[in-house]
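As structure tokens, the structure follows; a few thoughts come after it.
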Amino acid sequence: MPDFAKRMNVLGVEGAFIVLAKAKELERQGRSIVHMEIGQPDFPTPKHIIEAAKKALDSGMTSYTPSTGIYELREAVAEYVSKSRGTDISPDEVVITVGAKLAIFGALMAFVDPGDEVIIPAPAYPSYDSVTMFVGGKPVHVPLREERKFSPSGEEIAETVTEKTKVIVINTPCNPTGGVYTREDLKAIVEVAQEKDLLIVSDEIYDEIVFDGKKHESILSIPGARERTVLIGGFSKTWSMTGWRLGWAVAPKEITDKIAKIQLNTTSCPVHFVQVAAVEAIRGPQDDVRRMVQEYQERRDLIFDGLNSIPGFSMIKPAATFYAFPNVKKLGVKSSELADMILNEAGVALLPGTAFGPEGEGYLRLSFATSKDMIKEGLKRIKEFVEERFPNV
Ligand code: PLP
């Protein structure tokens, strides 16, 4: 067998999947594990969307579609993004992708040449680094700081730009911090991008899971952003459709054409009947979405109070998403060691902050996309573990 291509050496594996495998092995050995590692809604996909998929299957919507996605769904996404961002998007500026992941891959693949630098505020969703390196680019991190509520500093981003910088990837609401970027910081990012002629990739997949009656702040609503931004969104989180594998990119047509071309050469197109059902997700009733967001908010309150009452743990309240990102620096143990100890000794699967880059050292990420009972049990186990193992904290 010949050697694998060198690019395989830089392709990463998501920490959540590694921890899940470890946790599953412990379960196989008979251990009880509370799962807080995976960022996957625990609700079923709303019924009316499932019904729409069944109907689409029965009426024969089982063929290839254009690589950009079906027109009706592009139109629905264009309307949704136009309304929520206060801008005017046409269906030509939308490409439907196999998960938001393929939209991220397509955007970076279309712009990053070997040696190009990609600025990524971090801790960050691991795909950004992994895909950047896969295409020969160099990820350059700008730290997201707790004291800035994990919103990046425009100044720091500007200082990080070099001759080689081509793209800034942002993610708000943010996985793993649960924070949102402020409008001022978004404006500063647009200014830098305009001045240095950079592309912005804005992953806003958690745009609907925002708490306390607040509205999502999108970079697309800032003048000057639209012509240089690829907005990433999708169905996985808002409509609890992770396994349906459907997302989108919104960008100027010359960019969506390139992403569609990459899709054509990889998956051809997203699944036909899934796209038809997704029109119902966007245009149908949104009661289930509101109910799920309300439930996430109640769980957020539960986990925020619970983690803050554990010695050595402190955290700011997540403004959005279903992730808690507590600071555990006071325990004086490396995040990865602590996460392993909590899994092996307390039976709670969670992620070290370093699964999202070295900037995550001193933090853990817990997903609260699980029931309140599970959250309570997880909190109880972690508290008992910390009190026993770190009695002097
Ligand atoms: N972007 C972020 C920030 C995510 O957290 C995730 C999933 O965890 C994705 C993208 C991938 O979404 P999809 O399931 O649509 O590929």
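Taking 1.567 mPa s as the viscosity and 4 °C as the temperature, the Stokes-Einstein diffusion coefficient of the stretch 271-393 based on its alpha-carbon Kirkwood radius rounds to 82 µm²/s. Over 13 Å apart: what share of the alpha carbon pairs of the stretch 63-111 falls there, rounded to a whole percent? The answer is 60 percent, as a whole percent. Hey, which of these cross-link pairs are over 19 Å Cα-Cα: Lys237/Lys261; Lys166/Lys196; Lys214/Lys317? Violating the 19 Å limit, Cα to Cα: Lys237/Lys261. Length gained on full extension, Glu345 to Tyr71, computed as 0.36 nm times the residue gap minus the Cα-Cα distance: 93.4 nm. Taking the longest Cα principal axis of the chain as reference, the axis of helix 71-85 is set at about 60 degrees.
For the chain, the longest principal axis of the alpha carbon atoms and the long axis of helix 287-308 meet at an angle near 30°.
Taking all C-alpha pairs of the stretch 59-283, those more than 22 Å from each other amount to 47 percent.
Summed over qualifying helices (DSSP H, 4 residues or more, each -39500 (n - 2.57)) and divided by its residue number, the chain shows a 222 nm mean residue ellipticity of -12500 deg cm²/dmol.
Fully extending the segment from Arg28 to Asp301 would add 95.1 nm, taking 0.36 nm per residue of separation and subtracting the current Cα-Cα distance. P(r) tail for the stretch 304-348, what percent of Cα pairs lie past 17 Å? Across the stretch 304-348, Cα pairs with separations above 17 Å total 39 percent. On the basis of the beta-carbon distance and an R0 of 45 Å, Ser314 and Thr162 show a calculated FRET efficiency of 0.80. For the stretch 139-203, the Kirkwood hydrodynamic radius comes to 11.9 Å, computed from all pairs of different C-alpha atoms. Size descriptors for the chain: radius of gyration and Dmax over Cα atoms are 20.8, 66 Å. Given in Å, the Rg to one decimal and the Dmax to the nearest whole number for the Cα atoms of the stretch 1-111 are 20.0, 55. So which of Lys149/Lys334; Lys329/Lys383; Lys334/Lys380; Lys101/Lys330 end up more than 27 Å apart by C-alpha? Violating the 27 Å Cα-Cα cut-off are Lys101/Lys330. Nearest 5 is fine: what % of DSSP beta bridges in the stretch 59-283 come out antiparallel, could you say? Around 30 percent of the beta bridges assigned by DSSP in the stretch 59-283 are antiparallel ones.
Between the Cα long axis of helix 253-266 and the first principal axis of the chain there is an angle of about 70°, rounded to the nearest 10.
None of the figures in this text is laboratory data; all of them are computed from the coordinates on show. What you see is a predicted model; the values in this text were computed from it and never measured. Note: ideal-geometry Cβ built from the backbone for every residue, glycine included; neighbour counts use all protein chains shown.
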